[in-house]
1. Using every pair of alpha-carbon atoms in region 27-79, split the distances into 5 Å bins beginning at 0 and state the percent of pairs per bin, rounded to integers.
2. Mind pulling the angle between the C-alpha long axis of helix 32-44 and the longest principal axis of the chain? Nearest 10 degrees, somewhere in 0 to 90.
3. Apply the Kirkwood formula to region 139-237: the hydrodynamic radius equals the inverse of the mean of 1/r over all pairs of different alpha-carbon atoms; give it in Å with one decimal.
4. Compute the helix-to-body angle for 171-181: its Cα long axis versus the longest principal axis of the chain, expressed 0 to 90° and rounded to tens.
5. Quick one: with all protein chains in place, what share of the accessible area of the chain is carbon or sulfur, to the nearest percent (1.4 Å probe)?
6. How far, in degrees from 0 to 90, does helix 117-126 lean away from the longest principal axis of the Cα atoms of the chain, to the nearest 10?
7. Using a Förster radius of 25 Å, what is the FRET efficiency between residue 84 and residue 33 based on their Cβ-Cβ separation? Nearest 0.05, please.
8. Taking R0 as 30 Å, what FRET efficiency do you get between residue 58 and residue 113 from their Cβ-Cβ distance, rounded to the nearest 0.05?
Amino acid sequence: MRTEPTSTVRLPDRAAGPAGVLLDMDDTLVDFSTASPAALAEVLGPEADFHMWMALTDHWYPRFTSGRLSYRSLERNRLAEMLTVLGRPVPGPSGLDELDARRKRAVESRLRLYPDVLPFLRRVSAAGYRIGVLSNSDGRQQRRRISQLGLSPWLDAITVSGESGVAKPSPESFFLACDRLGTPPGRTVHIGDSLDNDAMGARRAGLAAVWLRRKTPDGTPAPAGIMAVTSLAAITP
């Protein structure tokens, strides 16, 4: 088992046929972890603990990914619980939606691509690889953000769980994304920041799995068969 990120990851040889790259969105292409805490504090105040927000996300998210809950219901439940923790009144569904829309606008005003993203997309596109996004989120939201950040021209396919009804780490989500991309799983690389949803999920579905660890590695080893890198610059055609 590896304990350190690898220096270089090679994409499948294009000479052997069509090959593709699937990319997670948040904290892979987009610096969501910087934008989201600041937006939460702007809308709910500095006493809104982002660690609590993430704990609530982790609580409700499996219900969304399993299909038991819509993404809108996830958002409402998470925000209602956060307001309760803060000792504030909880409005009805329309009030929750309005407040969360303010938070999301605050997030989107702060979203930035990581510096290595556009050079990576240029390099991979020029080499003839098909490129897609595979995201666990709301479809309308992610498509808006993809357009806002100038990613659309680089993408051959977009697969979002809120539209497809299947979410990472289920193999079906990866199969669907590969089908839309037009490349078989065995000739597709998936890159993402989540060990469980991205790397392990992709590996179980038969894709090459790259775990993107942008933060300083915490000592958690990369499981066998999973490649770990700290930057997209380490991934080459």
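The values are calculated or read from the model by the stated rules, or taken from the named source; none is laboratory data. Being a predicted model, the structure only gives us computed values, none of them experimental. Note: ideal-geometry Cβ built from the backbone for every residue, glycine included; neighbour counts use all protein chains shown. Ligands, DNA and RNA are stripped out before the accessible areas are found, and what is left, the full protein with its side chains, is counted by its heavy atoms. Shrake-Rupley method; radii C 1.70, N 1.55, O 1.52, S 1.80 Å.
1. Each 5 Å bin holds this share of Cα pairs: 4, 19, 23, 23, 21, 8, 1.
2. So the helix axis and the longest Cα principal axis differ by about 10 degrees.
3. Values: mean 1/r = 0.0698 Å⁻¹.
Taking every pair of different Cα atoms in region 139-237, averaging 1/r and inverting gives 14.3 Å.
4. Relative to the chain, helix 171-181 is tipped by roughly 60 degrees.
5. Working: 5650 of 10720 Å².
That share works out to 53 percent.
6. Long axis of 117-126 versus the principal axis of the chain: about 30 degrees.
7. Numbers: r = 25 Å, r/R0 = 0.98.
That pair, residue 84 with residue 33, gives E of 0.55.
8. Values: r = 25 Å, r/R0 = 0.85.
Between residue 58 and residue 113 the formula returns 0.75.
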